1. Quick one: A:Asp147 ticks every box in (1) in a helix (DSSP H, G or I); (2) in contact with a strand residue (DSSP E or B) (Cβ under 9 Å, 6 or more places away or on another chain) except a single one, so which number is it?
2. Whether any residue in region B:210-232 is at pLDDT 85 or above, under 60 Å from the mean Cα position of the chain (by Cα) and closer than 30 Å to A:Thr86 by Cα is what I want to check.
3. Can you list the helices (runs of 4 or more DSSP H) lying wholly within region A:162-254 that have 1 or more residues being at the interface with chain B (Cβ under 10 Å from one of its Cβ atoms), among the polar types (S, T, N, Q) and within 32 Å of the chain's Cα centre (by Cα)?
4. Any residue that is in a helix (DSSP H, G or I) and in contact with a Lys or Arg (Cβ under 8 Å, 6 or more places away or on another chain) - is there at least one of those in region A:107-126?
5. Do we find that B:Gly159 is at pLDDT 80 or above, on the phi > 0 side of the Ramachandran plot and out of contact with any Asp or Glu (no Cβ under 7 Å at 6 or more places or on another chain) in this structure?
6. As an exercise: evaluate B:Ile230 against (1) facing chain A (nearest Cβ under 8 Å); (2) exposed (fewer than 12 other Cβ atoms within 10 Å of the Cβ) and give the number of the one condition it does not meet.
7. Which one of these does A:Gly228 not meet: (1) surrounded by fewer than 18 Cβ atoms within 10 Å (Cβ to Cβ); (2) under 20 Å from A:Leu46 (Cβ atoms); (3) in the same structural domain as A:Tyr44 (by the TED database)?
Amino acid sequence: MAKNDDCVHILQGLLVFGNVVIGMCGIALTAECIYVVSNPHDLYPLLKATENSDIYASAWIGIFVGLALFALSILGIIGVIKASRTLLLVYIILMLITSAFEMASCITAATHQDSLTPELFLKQMLERYQKSEPANNSDNEVTKTWDELMLQNHCCGVLGPSDWQKYKSAFRRTHSDADYPWPRMCCVLDAQGLPINLDGCKLGVPGYYNSNGCYDAISGPVNTHAWGVAWFGFAILCWTFCVLLGTMFYWSRIEY
Amino acid sequence: KPHSRPRHTDTRTMLPLLLLLLPAAHGIARLRYTPVLTEEPPLGGQKTASTFVLDQPRCVFKDYGNADIWLVVALDGSRWSSAGQGASRGPCTPHQIPPHPHPLPAAESTFDNTARPGSNETAFQSFPDPVHAYMTLNATLVNYPCPKPAGDITVLRVGSETSCAEDETRPTCNGPLPGPGPYRVKFLALEGSVPVAETLWSMPIMLTEAKSPNTISTTGSGHSAGMIAITTILSILFAILLAGLVAMLVFWSSDSCSGSSTFSKPESVTVRRYNTHHVYDQPASRL
């Protein structure tokens with residue numbers, strides 16, 4: 001019947017369109033994950049020191065998943081147009097496997113982002129910043145990263161300069177509390193890198209020291225990467241779910 | 001007479017009475033000013049682990065232009081004065097005071113106003129044991145002009161000199177405080193070596209005590225709503241797809257087993273449903 005053929009054509013058209021979108025999203029996912037992997041932001045030493053670089057594992061998986069999605073979308077388009085049961089069965093099974101990998105990547109990225117709490121960075125900063133006998137190079141990296149961070153974002157500590165007062169730290173072991181209530185980087189510095197008013201900084205006079213914490217400056221870039229991988233992957237998976245359901249329905253209507 | 005018939009076994013009720021008489025006997029003026037920590041402007045370093053910041057005593061020692069104004073810093077053993085005697089207590093509660101091997105009496109009862117600054121009895125380097133109170137931050141009225149110009153920050157940072165902390169030749173060093181306290185301070189004006197005026201003792205000042213970073217718990221922050229949403233939704237979707245795949249395979253195997261229900265494959269773009277009721281319609285439906 002004519003109506004049946006029209007339905008079939010519409011279904012085919014939708015499936016082809018769905019696969020085209022999947023193909024494009026696959027390319028976009030690959031591009032985004034290559035960017036995340038090859039362009040670690042300045043805070044990468046802090047992340048590396050937390051020994052939790054799941055975000056990069058997620059990004060690597062994302063690269064391969066993106067390429068697989070692109071290849072499979074082409075297979076899907078061919079299968080839909082030819083109405084071949086074997087091709088579509090292969091397509092569906094491979095898509096499910098790829099989706100499983102993408103699911104793992106999304107969930108890992110989301111979980112990793114949750115683990116980056118202020119307490120994690122606070123503990124790391126207190127234990128490693130200006131450690132007098134650095135155990136390995138990563139301690140020097142942590143110190144350099146924190147100095148850069150505090151200089152550029154005009155902030156101090158994770159939650160504020162009081163972090164250095166409330167807790168003992170590696171910094172406190174080598175710098176007396178009376179001379180250095182907080183590191184010199186927390187002071188407002190002039191063009192030469194010297195505090196504009198050292199006494200004002202030590203007293204904590206507003207305007208001569210940075211009184212806000214750096215956590216916002218840290219969580220911004222880190223979250224962007226995690227959300228990029230996790231939520232974009234989630235969106236792709238939702239769309240893929242719809243296309244796969246449609247393909248299964250189409251497959252069941254094909255004659256052998 | 002204060003010594004006759006003591007009514008309490010604790011002799012300290014008589015000491016304050018006795019000591020009240022002493023300043024009157026020596027003619028020291030008791031100024032009604034209490035040294036306070038700086039509240040205006042709010043300072044981030046008002047209290048650190050070894051320093052604290054006081055307001056300068058502006059417009060307090062107006063009549064003592066010739067006197068040296070010293071700051072007396074004493075370690076306060078409020079534990080003794082907290083036995084319900086009504087001694088003033090600041091924000092420190094007795095259980096916050098670290099135990100001292102030799103219980104210390106309250107600051108106001110041990111400090112002798114005739115003590116000379118720079119002597120062994122008031123040397124910073126011997127504080128807190130055996131010296132219970134040291135004198136530092138020497139100034140004159142010239143350093144504390146009255147009235148205070150608006151917008152100026154007039155403070156005294158107790159504990160800022162680290163260079164002379166171990167130097168026995170500088171007994172009036174304003175060195176970093178050796179522990180969390182509690183400390184009480186007062187200003188004392190001396191003309192020559194004669195005390196002429198003093199302020200009241202401040203409230204007990206407790207400094208911050210640093211905790212070890214091991215007390216920071218980095219685990220168990222819980223999972224955010226986003227992560228739970230992603231996991232749940234994706235798991236459900238994946239389960240539906242797997243169910244669909246299983247249904248497909250079952251359908252396929254049942255399809256291929258009962259061979260009579262399949263037609264031969266027509267031209268590739270048409271899909272027809274096999275339905276015996278419409279067999280006679282087939283030629284008409286073929287377009």
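The values are calculated or read from the model by the stated rules, or taken from the named source; none is laboratory data. This one's a predicted model, so the numbers in the text were calculated from it and none came from an experiment. Cβ coordinates were reconstructed from backbone atoms using ideal geometry, including for glycine residues, and neighbour counts include every protein chain displayed.
1. Failed condition: (2).
2. Within region B:210-232, not a single residue is at pLDDT 85 or above, under 60 Å from the mean Cα position of the chain (by Cα) and closer than 30 Å to A:Thr86 by Cα.
3. Those helices (runs of 4 or more DSSP H) span A:162-166, A:215-253.
4. Yes, that holds for at least one residue.
5. So B:Gly159 fits the description; yes.
6. Just one mismatch for B:Ile230, condition (2).
7. (1)
Listed here are the residues, each with its yes/no results for (1) in contact with a helix residue (DSSP H, G or I) (Cβ under 7 Å, 6 or more places away or on another chain); (2) aliphatic (A, V, I, L, M); (3) closer than 16 Å to A:Met248 by Cβ; (4) assigned to a helix (DSSP H, G or I).
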site	(1), (2), (3), (4)
A:His9	no, no, no, yes
A:Gly13	no, no, no, yes
A:Glu32	yes, no, no, yes
A:Leu67	yes, yes, no, yes
A:Thr86	no, no, yes, yes
